[in-house]
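Novice: Submitted below is the structure of interest, expressed as structure tokens.
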Amino acid sequence: MVFEILANGKLVMDAGIAAMPLFWRIWISFMTFVSFSAVFFIKKREARWSLVAIITNIILMFLLANYFGFEKILSLGHLPWLILLIYLFTKIDKIDIKTYYGKWCRLLMGVISISLVIDIIDVARYFIGI
């Protein structure tokens, strides 16, 4: 049952993303690439939490897509990123910006921040019916 729900949500997501303008498909691909780049730093705690957050995001978005379709409410699926961003802000001063890891952490924080601004707008628009 759960597998079917997630599989259906993935189909809804795939179709919705495929219908989006090129700019948004590139943005989504970039966010995904940056997020999953955590595998290159898997020995670091923050990278492991990043992977937990992105996998949780994906599961939540598949569940939301299954129940609501491809709607702006899918942005709620990024809530784990808010938790991750807060966590990263508490750790960032201890991560050397001169390292690839430090640069990646800051890039990830920037990507998450931009995404969350977009998500807040999308969810607000969903609830007011725009």
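Novice: Just want the ordering: Met13, Met109, from fewest to most Cβ atoms lying within 10 Å of their own Cβ.
Specialist: Least to most surrounded, the residues fall as Met109, Met13.
Novice: Computed over the Cα atoms, what is the radius of gyration of the stretch 2-128 divided by 2.2 N^0.38 Å, N being its residue count?
Specialist: Expressed relative to 2.2 N^0.38 Å, the Cα Rg reads 1.09.
Novice: Under a GNM of the chain (C-alpha, springs under 10 Å), which listed residue has the highest mean-square fluctuation: Phe36, Phe68, Phe23?
Specialist: Phe23
Novice: Can I ask one more? Pull out the extension gain between Ile97 and Arg25, defined as 0.36 nm times the separation in residues minus the alpha carbon to alpha carbon distance; nm, one decimal.
Specialist: Taking 0.36 nm per residue and subtracting the Cα distance, the gain is 23.0 nm.
Novice: Next question, about the same structure. Sort Val52, Val39, Val12 by Cβ crowding within 10 Å, fewest neighbours at the top.
Specialist: Fewest to most other Cβ atoms nearby, the residues stand as Val39, Val52, Val12.
Novice: Counting other C-beta atoms within 10 Å, which of Thr32, Thr90 has the fewest, and how do the rest follow?
Specialist: Ordered by Cβ neighbours within 10 Å, fewest first: Thr90, Thr32.
Novice: Computed over the Cα atoms of the stretch 57-130, what is the convex hull's projected area averaged over all directions, in nm²?
Specialist: Result: a mean projected hull area of 5.3 nm².
Novice: Explain nothing, just the number: dipole magnitude of the chain about its Cα centre with +1 on each Lys and Arg Cβ and -1 on each Asp and Glu Cβ, in debye rounded to the nearest 20.
Specialist: About 560 debye.
Novice: Now a separate question. Mind checking the full-extension length gain between Ser113 and Ile130? Use 0.36 nm per residue of separation minus the Cα-Cα distance, one decimal, nm.
Specialist: The span from Ser113 to Ile130 would gain 3.8 nm if fully extended.
Computed from the coordinates by the stated procedures, all read-outs in this text should not be read as laboratory data. Only a predicted model underlies this, so the values are computations on that prediction, with no experimental measurement involved. We place every Cβ from the backbone using ideal geometry, glycine too, and count neighbours over all the protein chains shown.
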